[in-house]
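Undergrad: Dropping the structure in here first, questions after.
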């Protein structure tokens, strides 16, 4: 989906209905909460566009996702999940997480995923919180002349509806998510987003909070910016380790939303 590009909407202070709330890196430890930069820039390339993950990067969607997962498990007769297991449903494809956790068939997992989607769209979808400083960060990137997209595992129609509900949709040029049959990988969704943004993959930074995001970036050929305020990475070393294993160019790590723009600015040339 191609979204409106106006930067006059989506203010963090007045979001509608949403609460505000490469390989081979060697790093020295820095105090917690500091932005980590790696090199002056990624090779000789300039970052001209930025793609964001949604769950755990743009929005804290934990309340709604966990609520619908609990309803799905009850309707499907599956054992209750622990709090830690429930958090594991935030971000990755629901059907894959079900297979991982319960060892069910792909057919059953797809059927149960549709039950989750049915519960989620009834109202849990909109139980989301914009991370502090994210709206301002998006506007800053737009003002700097970058094109901005979203690549998420959340179903595309639901992602678009949620971002519109929160008032963030106008800040994005392109929004793409999972297909109804859940056949697209994160790399597929990211590659489609990059293509519509109009720049090469090496000129586009992927921003995410999890290993799934980093693996998707590696598959699509984009450099990566990792954040530690979401559901996946708990520290910079987690990000560095994944990027090393994936031979993924890492532009930097940020503990907050404003730090993302700082890292992008450093890699603008």
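Undergrad: Can you tell me the length gained on complete extension of the stretch residue 234 to residue 76, counting 0.36 nm per residue apart and subtracting the Cα distance?
TA: Details: separation 158, 0.36 × 158 = 56.88 nm, distance 3.19 nm.
Gain on extension, residue 234 to residue 76, equals 53.7 nm.
Undergrad: Treat each spin label as a single point 7 Å out from the Cα along the C-beta direction, and report the residue 96 to residue 244 distance in nm.
TA: Result: 2.4 nm between the two label points.
Undergrad: Once R0 is set to 22 Å, what does the formula 1/(1 + (r/R0)^6) return for the Cβ-Cβ distance between residue 63 and residue 136, expressed as a FRET efficiency to the nearest 0.05? Write down the numbers at each step before the final one.
TA: On the way: r = 23 Å, r/R0 = 1.05.
With R0 = 22 Å, the Cβ-Cβ based efficiency is 0.45.
Undergrad: Could you tell me how many cubic angstrom of Cα convex hull volume the stretch 167-238 has per residue?
TA: Values: hull volume 8.0 nm³, N = 72.
Residue-normalised Cα hull volume stands at 111 Å³.
Undergrad: If we sort 135-148, 250-263 on the protection proxy, mean other Cβ atoms within 10 Å, highest first, what's the order?
TA: Working: 135-148: 19.1, 250-263: 22.4.
Final packing ranking: 250-263, 135-148.
Undergrad: Now a separate question. Once you have all Cα-Cα distances for the stretch 62-126, histogram them in 5 Å bins from zero and send the whole-percent values.
TA: Histogramming the stretch 62-126 at 5 Å steps yields 4, 20, 34, 29, 11, 2 percent.
Read-outs: derived from the displayed coordinates by stated rules, not from any lab. Nothing here was measured: the structure is a model prediction, and the numbers come from that model. With ideal geometry, Cβ positions are generated from the backbone for all residues, glycine too; neighbour counts draw on all protein chains shown.
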